[in-house]
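Contents: one structure, followed by commentary.
The values are calculated or read from the model by the stated rules, or taken from the named source; none is laboratory data. Not measured: the values here are computed from a predicted model. Virtual Cβ from ideal backbone geometry, glycine too; neighbours counted across all protein chains shown. The protein model used for the area step is the full one, side chains on, heavy atoms only, and it has no ligands, DNA or RNA in it. Shrake-Rupley method; radii C 1.70, N 1.55, O 1.52, S 1.80 Å.
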Amino acid sequence: MATLFLGLNANAARMDMVDVSNNNGYMSAAEYVSMRNEFGVKAVTVKISEGGTYKDPYAASNIANVQAAGLYVNGYHFARYATKAQAIAEADFAGQTAKAAGLPVGAVLATDVESQEANNQSKATNDRNNAAFMKEIQKFGYRADVYTSGSWANNKMTIKGKTGWIAAYPYVVSGKNWYSSNHAWQWSSTAKFRISYGGFDVSQLNSDYYTAGQKSKVKPTNKAAVKANNQKANKNTSKLVASAKWVKETKTYTLKTAVKLHTGASTSSSVITTLPAGTTVKTDQAIIQGGYRWARQPRFNGYGYLATGPASNTLEYVKSGATHTYYTVKYGDSWWTIAQRNGLSMTTLASQNGKSIYTTIYPGQRLVVR
């Protein structure tokens, strides 16, 4: 049975669109197919970039796998601009990055406005900067939109008519029913699909803005094309994925100094909070990336990420040059049959593949068995 945990009642709104980023790790086409078939997801919006230098490392694989699953794909840029000139420069950076990652012409490339830089600006300044970004992004063949919260839309900018992708929970913010207007309404940030770990933002679409202007590369019923597209995406991103591999870690840290807790394993990602010295932090995974050793902290609404030291502080439990033995799932296989065949428990087999025994496995999927 599919499992879904949401911050609101699952019947409260439709799950038409999901947005993903590096925070969710690598997402396969099979996972997107599950979202489509079991939860009615129509579109996925992929994080492309942030500020003027950060490129989401999973943008290309996400775009390819979303299309392979027969879903509409769009993108968003996490805005850091405080001036019109910066907005134009970030739009150019986002557009170029989106092109390189394969975001199709006609897709939406929204500006995600929620940073401290924008919070320090007046409504008029934010409106001017957002307008500049959206005008510039259209030069790349993308359609523009603003992604922000209901409170920000009310107090930090002007959202008029049926425009904007609004995150608002509860349903009414400052007297406005965001769920009944605008292009899209993000009604939860804690959806957990049975295949993928971590919390996801789910939205209801109030118009065809996020599904118009493009066509899926692959029809949902074309299984052979889905498989071929997914294999191509995996090949194109194999070097990237191999260079930054998450490993299981169950540790408790007591911080000797104050440490910033980020929304992603990157110093350019947003800061959730600054943890003071003496704070106890429990982690479940770790990675060496971007010059730092990062650890992941499970939180009530997702994950936080903190740098535990430089990259030279190696992950001691990862064997240098370690190789794995893989098994390709066949029709009729289950966690139990594969585990029995390889002398493992189902829990061990699922865990070493970053999944649980309740995760659905698909023919053609590769699992680590040694």
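With respect to the numbered conditions (1) assigned to a helix (DSSP H, G or I); (2) modelled with pLDDT of 85 or more, which one is the sole condition not fulfilled by M15?
Failing condition for M15: (1).
Quick check: anything in the range 192-199 within 19 Å of Y76 (Cα to Cα), basic (K, R), out of contact with any helix residue (DSSP H, G or I) (no Cβ under 9 Å at 6 or more places or on another chain) and at pLDDT below 95?
No, the range 192-199 contains no residue that is within 19 Å of Y76 (Cα to Cα), basic (K, R), out of contact with any helix residue (DSSP H, G or I) (no Cβ under 9 Å at 6 or more places or on another chain) and at pLDDT below 95.
Could you please let me know if I137 is in contact with a Gly (Cβ under 6 Å, 6 or more places away or on another chain), within 17 Å of R80 (Cα to Cα) and modelled with pLDDT of 85 or more?
Yes; evaluated as a whole, the condition is true for this residue.
Counting only residues that are open to solvent by 30 Å² or more (accessible area, probe 1.4 Å) and closer than 30 Å to Q297 by Cβ, give me the helices (runs of 4 or more DSSP H) lying completely in the range 105-204 with at least 2 of them.
116-119, 150-155
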